[in-house]
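See structure below.
The values are calculated or read from the model by the stated rules, or taken from the named source; none is laboratory data. These numbers were taken from a predicted model, which means no experiment stands behind them. Positions of Cβ are generated from backbone atoms using ideal geometry, with glycine treated the same way; all protein chains shown enter the neighbour counts.
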Amino acid sequence: MSDFKEINEARDALLDLRNEIDEVIKNTESASRWSMFDIFADSGIVGFVKRSKIKDINKGLEIIREKLEIAKKELGDLRLNLDEEISDTDYDFFVDVIFDNIFTDLRVNREIKEIRENLYNLRERVEEILKKLN
């Protein structure tokens, strides 16, 4: 009975983690669209919206890290990590929005894509573990 309960708790933790990963992936897709628009638009407003999306992504990444820790506790030897973040300092904001330039826009766009790819990989690993628990 105890093993069954522990497996269910681990499964619930992984499902919760997967749902958060899905949410942050959606945020990266939105930020990526704004980032592409920012590359071609000459508007500080677009950069400001993109920076807002980046803040949402970073908040979501923090939640994912917390949920990863919960899943690790439930599964013991689980080796999943996420050490990703998009730089969002005041300097980044200034360079990206105020001193709007294509080089910064391209760098930020690349960072968003890399994080999305890493989230897809993490989601795939979570799915593999969930299959093993079933």
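Some notes on this structure:
- All positions within region 115-125 that are modelled with pLDDT under 90 and under 15 Å from residue 11 (Cα atoms): 125
- If you check 49, 24 for being under 17 Å from residue 124 (Cβ atoms), under 18 Å from the mean Cα position of the chain (by Cα), modelled with pLDDT of 90 or more and assigned to a helix (DSSP H, G or I), only one passes: 24.
- Flag if residue 33 is basic (Lys, Arg), part of a helix (DSSP H, G or I) and surrounded by fewer than 18 Cβ atoms within 10 Å (Cβ to Cβ): yes
- Residue tally, condition among the hydroxyl-bearing types (Ser, Thr, Tyr) and modelled with pLDDT of 80 or more, over region 63-103: 0
- Pairs with Cβ under 9 Å, 6+ apart, first in region 57-70 and farther than 13 Å from residue 23 by Cβ, second of a type in the set (Gly, Ala, Ser): 70/13
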